[in-house]
Structures are given as structure tokens and as C-alpha cells.
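The values are calculated or read from the model by the stated rules, or taken from the named source; none is laboratory data. Keep in mind that this is a model prediction, so the values were computed, not measured. Note that each Cβ is placed from the backbone with ideal geometry, even for glycine, and that neighbours are counted across all protein chains shown. Keep in mind that these areas ignore ligands, DNA and RNA; they rest on the heavy atoms of the full protein, side chains included. Shrake-Rupley method; radii C 1.70, N 1.55, O 1.52, S 1.80 Å.
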Amino acid sequence: MLTSTGPSNQLSAEPSGRCLRAVRFFTGDMRQCGEWVKRQVLIIQLLDGILRGTAQVMFVSNPVSGLLILTGLFLQNPWWALNSLLGTFVSTVSAILLRQNREAIFAGLHGYNGTLVGMLMAAFSSKGNWYWWLLFPNVFMSMLCPVISSALSSIMSKWDLPIFTLPFNILTCLHIAATGTTHPYFPEVKIQPKVHLHHSDSLANLSIPQLFLSVPVGVGQVFGCDSPWTSCLVLLALLLCSPAICIHALLGSTAGLCTGLALAAPLEDVYAGLWGYNSALSCIAIGGVFYGLTWQTHILSLICGKTENRIYYSSSEVENRTIKGVLMSFSALFCAYVTSATSKLMSVLALPACTWPFCLSTLIFLLLSSENPAICRLPLSAVSYPEENRHYLRHLRMSEKALSSCKGEQTPERMEG
């Protein structure tokens, strides 16, 4: 058989190279698209910022991911999605008018709280769908998002900490507490106090198919959605930007689900994914976004106990991988415990738990101090998606090694002189 190594191979390699470049263009944070958008008119920049803001709820800065998530929200409920889109638009425009940092605005960092505010205000309204008067408080609360974000940033920046979804939590609880269930124009759904939270026979009536389905639904519940189709689109959006974020979201939702079963939570809450969404966010944040932890390292940390006879590492490497996996697991499990306590306490005040458990538990883990080099928290200015964070840490370590080798070479020269 004759084999050709000439121009035909080059022609066959060109389409594959083009496909690879096209895939890289739509994955990650789409930096090339962002650079192109900066040279366009304000309307295109605003559209890009709104889509990125929708995706930033899940720590993703990718307009295509934002489009996929927005499509999923419309599949869940068009009225909720419309309020979500309006909240993102208003909060982004308000940030522009307040002259906030433009790079942060068009990266979606001033839009994601408005996304959640609009979505959850519509979800908790007892007036149902297409109650147009609800747009007025939605616009007002969304306008306050960049104000609360800027105020909290000035405080949290002292410790180089993110504000997460604290503005959303504050404004949503403020609106629900101010209106209540008997308001003539903006009544809210009644939230019953969770007095009898534990069910002793919960495991006896367990449905395995529903249990497996609750893992992706738990990821979709970040947006208040219980539709499996919406959850699949959210996971697809995460996978497009970062496989690490997608894996961590599923791992976190699974950890929250298991904790809910261990705490004998009502099965309807477990099946609806209400025990998974806070843990999913916490697992994403700790598992590679704000800490220098990669998805490969997490997989190795989970299986190192089973494969230590096949893969040989130094004892320090195995210890570092184990510590990273334990840190990620602890954050998700701890967040699930905080979810149980917070939802019980907030229900007494007729308020939803929102994402308070995620914010509280993740901030505690980000304030963790350790002398172990494996636990490396990234500065906020360098935070990106996990794969990019991995490259950043690799280049940082290479530059440190080069600097130390240069110092080592200069020392003997001085001694000889």
C-alpha cells in the first residue's frame, strides 16, 4: 500500500486545524471575541456584556454560554426569563451610568446579580405570570445592584475577596420582607416555617431515577429552575466554557444531595434540587476558580487511594493532591450543612434561603490561611476559568524557578570576585 506524505496530508490537516481553531474560539472566556467587541458600537458591547452577565452567575464569562443559559430560562418560564433579562440589562446600564470599571461591566460582573434578582422576584411573586406591574420593582431593585456591589467591593477588597451574590441576597430578601404575602400590588408566595424538617422514613420511599435526575436539576436550581431541560442547557453552557466547572458543578450538587439524605430532608426538596445548588456553586468556587485547583488534580485526588500501586508520585505530591480533594469536598459538604441551617432559620422569617449558604461557606473557605503550598488562593485580578488559572500558576512557578536559578548563579560569581 502506498502512503502519501505530500500535499494531500496538508490539505487534510487544514480542515482539522480550522475546526480546532473554531472550537477554541467558542470555548473558555472567548477572549478574541471580547477584543473584537471592544472595537464595536456600544449596543454590541452591551449585548455581549448582558450575555456574559447571565453566564457569570456560574463563574463563566462566555457570551455563547450566556445565550444557552438564557435559552434554558425561556424553556423553564418565558415570564421569569424576561424579568431575568430585564434585570441584567438594567443593572449593566446602571453600572455604566455610575461609571464603574468598564472592563468589569462588559465582563458581566455587574450583570449577574441583576439576572438573579429579576428571575427570583418573578418566581416568588404570587400574582403569577405576565403581571406587568412587577417590572417596576424589578427595575428599581436591579438599579440598586451596582450600588450594593460597589459598596460591598470597597469593604471586601481589603481582604481581596469577591462579593459573590451578596447583592442579590440582600435585595431579594429586602423586597420579600417589605412586601410580604398580603401586599395589594406585589404579594409574595407564602413561605412556611420548616418546623418538621426531618423525615425518618425518607430512605424507605427513595426513587433512584428521581435521585439521579436531581443532580443536574440541582445545578439548574441556581437560577430557580427545576426543569431537567433547562439544567441540561446550563450544564452544556458550563461544559462549553470549562469542563472543570461543569464537573465541579455536578460534584457539588451530588455532595449536597447526599448531605440532604443524611440529614433526612424531605424527598420532594431533594428531588427538586434544593439541596444541590448552593453546594454546586461552592464546589465551583473552591474547585479551581478562586483556588489554584485543576479538574485533573481533583480527579486524581479522588482516585489516588485506588491507584497508588499503579501511579507513582512522591509523598508530598500525593499529600497535596489529597489535601486539594479534601478541601473541595469539605466546602461542598459544609455548604450543604449551612443550607440546612439557613433555610430553617430564614423560613421562620418567611424568607427564602437564596444563596446565603453559598456566600457564607465559600467566604469562610477563602479566608482559610495555610502554609501548605498546595492551597494557593489566586488574587482577584488573576481569577479566570480553571484551565486558564492552571496556565497562570504554571507560568508563575516557572518565573519563580528562573528567578531563583538566576540568583543562584549570581552568588558563586560574587564569591569568586
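Some notes on this structure:
- Those residues of the range 102-137 which are in contact with a Leu (Cβ under 6 Å, 6 or more places away or on another chain) and either surrounded by fewer than 24 Cβ atoms within 10 Å (Cβ to Cβ) or over 28 Å from Leu42 (Cβ atoms) (or both), in sequence order: Ser125
- The range 141-190: number of residues that are of a type outside the set (S, T, N, Q), open to solvent by less than 40 Å² (accessible area, probe 1.4 Å) and touching a residue at least 60 places away in the same chain (Cβ under 8 Å): 10
- Looking across the range 50-101, the residues that are touching a Pro at 6+ places or on another chain (Cβ under 7 Å), of a type in the set (A, V, I, L, M) and crowded, with 19+ Cβ neighbours inside 10 Å come down to Leu51, Ala95.
- Checking Gln32 against (1) modelled with pLDDT under 65; (2) of a type in the set (S, T, N, Q); (3) open to solvent by 70 Å² or more (accessible area, probe 1.4 Å), the condition it does not meet: (1)
- Residue within the range 377-385 that is over 24 Å from Gly252 (Cβ atoms) and either at pLDDT 70 or above or not assigned by the TED database to the domain that holds Gly252 (or both) present: yes
- Checking the range 366-375 against the condition returns a match, with at least one residue being open to solvent by less than 30 Å² (accessible area, probe 1.4 Å), in a helix (DSSP H, G or I), modelled with pLDDT of 70 or more and under 26 Å from Arg397 (Cα atoms).
- One residue from Ser84, Ser16 being polar (S, T, N, Q), at pLDDT below 90 and more than 25 Å from Asn389 (Cα to Cα): Ser16
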